[in-house]
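Shown next, in structure tokens, is the structure this report addresses.
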Amino acid sequence: MKTWQHLKTITKHRWLVLKGCFRVGLYWQGLTHDLSKYSPTEFWIGARYYQGTRSPNAAEREDKGYSEAWMHHKGRNRHHYEYWTDMNRETKRYEPIPMPRKYLVEMVMDRRAACMTYQGKDYRDDSALNYFQKSRERELMHPQTCRELGYILTMLAEKGEKETFRCLKEEVLTGKPFPWEQTEDGGTPTAAAE
């Protein structure tokens, strides 16, 4: 029974992300989002720890002290900020790097869909922002990624899907600067001005 419920949950989640990605023009990412969840490493662990109200990775982590499924997942899916770490040549330590915008947008769709999937009728446009603000992950992701994600999730909470999806499609994915990246005349700051 848990296997069937897990399959339904991950498929519903993928469907919601696909619809969101399609609305902003990320067709390939919508089609390929989270396919690794169907791999044996992720699927069978997910079914074993399935609860229906939160990610099975959290339950696996509580049980074993780590999540093998999550380690597999984050290394194969670029819409997770954890994917975007690399060795800093100066500090010789693994550190976060900024996420490319198309994966940042897919991450927004992923978080929105996760909240919709797990919260059901209780989902609201501020659900993903509330989760983000309560989590410790802001300390772990690159400051640029954190600021951009916070800005987009705040927009979703305050202005709703229609305006947020318009912004994602027409501004974020086209490379337009975020408000804090603009000069007083509306342009992008030059290297000399920074």
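A few comments on the model shown:
- Cα pair distances in the range 117-156, grouped into 5 Å bins until the bin that holds the longest one, percent each: 5, 24, 28, 22, 13, 6, 1
- Pairwise Cα inverse-distance average, inverted: Kirkwood Rh of the range 145-184 (Å): 10.5 Å
- Rounded to the nearest 10 Å², the accessible area of residue 116 at probe 1.4 Å: 40 Å²
- The heavy atoms of residue 36 present about 20 square angstrom of accessible area, all protein chains included, probe 1.4 Å.
- Per residue, the average separation of C-alpha pairs within less than 8 Å and at least 6 apart gives the range 38-125 a relative contact order of 20 percent.
- Residue 41 contributes about 50 Å² of solvent-accessible surface, heavy atoms of the protein only, 1.4 Å probe.
- Whichever lysines have a C-alpha closer than 16 Å to that of residue 37, once near sequence neighbours (fewer than 8 apart) are set aside: 2, 8, 12, 74
- Here is the list for the range 73-147: GluC sites (Glu not before Pro) lying in DSSP coil, each with at most 10 other C-beta atoms within 10 angstrom of its C-beta, are 90.
- Distance from the alpha carbon centroid of the range 35-62 to that of the range 126-178 works out to 26 angstrom.
- Using R0 = 22 Å, the C-beta based FRET efficiency linking residue 151 and residue 82 works out to 0.65.
- Surface exposure of the chain, expressed per residue as accessible area with a 1.4 Å probe, stands at 59 Å².
- 20 Å tail of the calculated P(r), the chain, as % of Cα pairs: 60 percent
- Selected from 15, 40, 84, residue furthest toward positive end of dipole (the range 4-111; charges at beta carbon): 15
- Portion, in percent, of the accessible area of the range 82-139 that falls on carbon or sulfur, probe 1.4 Å: 46 percent
The values are calculated or read from the model by the stated rules, or taken from the named source; none is laboratory data. The structure displayed is predicted, hence computed values, not measured ones. All Cβ positions, even for glycine, are placed from backbone atoms using ideal geometry, and neighbour counts span all protein chains on display. Protein only, heavy atoms only, side chains kept; ligands, DNA and RNA dropped before computing areas. Shrake-Rupley method; radii C 1.70, N 1.55, O 1.52, S 1.80 Å.
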